[in-house]
Amino acid sequence: MLEKVGEFYNMDKVIEEFESLTKDAGKVQRETLKRILEDNASAEYLQNLGLNGRTDPDSFKACVPMVTHKDLEPYIYKIIDGESSSILTGKPITTMSLSSGTTQGKPKYLPWNDELFETTMQIYKTSFAYRNREFPMKNGKALSFIYGSKQFKTKGGLVARTATSNLFRSPGYKHAMKALQSQCCSPDEVVFGPDFFQSLYCHLLCGLIFREEVQLVSSTFAHSIVHAFRTFEQVWEELCTDIREGVLTSRVTVPSIRMAMSKILKPNPELANLIHKECVGLSYCNWYGLIPELFPNAKYIYGIMTGSMEPYLKKLRHYAGEMLPLLTADYGSTEGWIAANVNPKLPPEMATYAVLPHIGYFEFIPLTELENDFFLCIDPNPVGLTEVKIGEEYEIVMTNPAGLYRYRLGDVVKVMGFHNSTPELKFVRRSSLLLNINIDKNTEKDLQLAVEAAAKFLAEERVEVVDFTSHVDLTTEPGHYVIFWEISGEASEKLLSECCNCLDKSFIDAGYTSSRKVNCIGPLELRVVRRGTFQKVLDHYLGLGTAVSQYKTPRCVGSSNSRVLQILCDNVVKNYLSTAFN
Ligand code: AMP
């Protein structure tokens, strides 16, 4: 346990500790692996692999196979079904986490335990310490757009909920957030409310009531912040009325939320008038600088802003105005945490994450090996944490204290440098190919760049892309890419046709362009969907148990994800076929 200064952790000590741990990251990795293997030596999974008490990296690599989630499912289902013996971990698992499921279409079950909570706190403390050195806060409150998800019991009686809900419900969470000056200004009833819109509305209301104290505006992923302020544009007058009269809108119907809010909401015409006046002014400039105007003491905006969140940066910057910095949060997954942002002054586009060598054992498959794996079916050979090379890309393999051993996470990262001897990673993309028909290979990042290029045309008519996704349509001969766009207003036919051509031209991968030229891939199709379509997609995932806090718009919707594809196709208002290669 770290020493505290008053109510808060001693941040100098946290930095000192991290600097020391990263000086010899290789040694710390070996110790971490030893600890994980010793703590879980009695687990059925490890017992069957013939380690016989050995805990060194070479024996570990020789005996333990690399796995994907699919390989572990038989073990995970035994746990879910209530077999109480040690299956993946020494201490039996009693709680399950659900991943967001937005990359694969359905949530995955993963073990959760106290050790994972501890690693989360290690990450939070580390990044906070570095952040607070550059952007100090004092007794601040946070307007945090966080949402607990529904929870349920599995067949075997285990509690299952999303990883973020497991975190928010952990006994030490609130206390730790207070010590990290990131205490959410909304009551628990709002965070754990059963209706997303009602919780979001009340988060906004609490933020306004405590506006002088709010020093941080945050969420797990940046998408939730953008979504929240887009909603604010729609409901600000209603919020002002509530504050003026001290009565919560009748649109919030959940009794526990109403009860909790009644303790906070008191008539305050002065505040209501002030916010009203500010909003009238803001609405004339398309809500530019909305966040610092409403929260004058906010020091920065905080949430994961890299990877699939990058497309929201433009809008977030618009809301943040010129002066309020955007700080990307840390790097992790439902499977476990990986790395912290210890260079908070870097803008999100340049952000890197320093791996914490004591929270898991990490291996890295060079991307070239991955290609061998794909084409030649040669088993990839990963390297250790301190053996990675600057400028190279790798897929991460994780061993964590919650029963995952040499687990392929499916993320590709690039090594940008080292913090002492631990690598600083840039998140590149999910490793799965996204768009592929012929010899073309386009990833999530390629799609994002194409959308960014085409969206520049829209700016001419002051319209923006609200959200987007893609689909490979093989029902036509030849197959073709379909891009779905939700846009913020009306754009002319001519402009949208230009956008469509630009999208087609912007996939610069040689496999795509050559296939397009000889018509092995048909013209790209841009389908514009009705306003609110992506909200429907979000609602669909919420219905499946995904928490808004972990939501990531799926950037490619396969035919197997028929419900989401249906939602998109049912809402198409216009479509365009590219003439770029005619
Ligand atoms: P989930 O477990 O469903 O919440 O999603 C975890 C995934 O989110 C990771 O495997 C990454 O693909 C992505 N992710 C998490 N943190 C970051 C980050 N800092 N930057 C980019 N992507 C991230």
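When Tyr394, Tyr130 are arranged by Cβ crowding within 10 Å, least crowded first, meaning fewest neighbours, the order is Tyr130, Tyr394. Taking amide H as placed 1.01 Å from N in the peptide plane, the amide H of Cys556 sits under 5 Å from that of Ser470, each at least 5 places away or on another chain. Our coupling estimate for segment 32-45, obtained by passing each phi through the Karplus curve with A = 6.51, B = -1.76, C = 1.60 and θ = phi - 60°, is 5, 4, 4, 4, 4, 5, 5, 4, 10, 4, 7, 5, 3, 4 Hz, Gly and Pro reported as x.
With 29 Å as the limit, the listed pairs Lys125/Lys536; Lys70/Lys150; Lys414/Lys441 have Lys125/Lys536 beyond it between alpha carbons. Couplings for segment 450-459, taken from phi via the Karplus curve 6.51 cos²θ - 1.76 cosθ + 1.60 with θ = phi - 60°, read 5, 5, 4, 5, 5, 5, 4, 4, 4, 4 Hz in order; Gly and Pro are left as x.
In the chain, what % of DSSP beta bridges are antiparallel (nearest 5)? Here the share of antiparallel DSSP bridges comes out near 70 percent. Each residue of segment 285-300 was assigned a 3J(HN,Hα) from its phi angle through the Karplus expression (A = 6.51, B = -1.76, C = 1.60, θ = phi - 60°), giving 10, 6, 6, 5, x, 4, 5, x, 5, 6, 10, x, 9, 5, 9, 6 Hz with x at Gly and Pro. Within the shell of other residues whose beta carbon sits under 14 angstrom from the beta carbon of Asn571, the net charge comes to +2, with Lys and Arg scored +1 and Asp and Glu -1. Annotation note: trypsin sites (Lys or Arg not before Pro) in segment 473-582 located in DSSP loop regions with a Cβ neighbour count of at most 15 within 10 Å are Arg530, Arg531. For the chain, averaging the sequence separation of C-alpha pairs within contact (under 8 Å, six or more residues apart) and dividing by the residue count gives a relative contact order of 15 percent. Close amide H partners of Ile521, meaning residues 5 or more places away or on another chain with modelled amide H under 5 Å apart, are Arg516.
Per-residue ellipticity at 222 nm from helix content only, as computed over the chain with -39500 (n - 2.57) for each DSSP H run of at least four residues, stands at -12000 deg cm²/dmol.
Most exposed first by the Cβ proxy, i.e. fewest other Cβ within 10 Å, how do Ser20, Ser224 rank? Ascending Cβ contact count within 10 Å gives the list Ser20, Ser224. Rounded to the nearest 20 debye, the dipole magnitude of the chain is 880 debye, with +1 charges on Lys and Arg beta carbons, -1 on Asp and Glu beta carbons, and the Cα centre as origin.
Sorted by packing (mean other beta-carbon atoms within 10 Å per residue), highest first, where do 397-405, 441-449 land?
Details: 397-405: 23.8, 441-449: 19.9.
With the highest mean Cβ count within 10 Å placed first, the list reads 397-405, 441-449.
Would you tally the net charge around Asp71, using a Cβ to Cβ cut-off of less than 13 Å, leaving Asp71 out, and scoring K and R as +1, D and E as -1? Local charge sum for Asp71: +3. Taking other residues whose beta carbon is less than 9 angstrom from the beta carbon of Arg406, and scoring Lys, Arg as +1 and Asp, Glu as -1, yields +1.
Of the trypsin sites (Lys or Arg not before Pro) in segment 218-320, the ones in a loop by DSSP (not H, G, I, E or B) with at most 12 other beta carbons within 10 Å are Arg251, Lys263.
None of the figures in this text is laboratory data; all of them are computed from the coordinates on show. Please read these numbers as outputs of a predicted model, since none were measured by experiment. For neighbour counting, all protein chains shown are included, and Cβ atoms are generated from backbone atoms with ideal geometry for every residue, glycine included.
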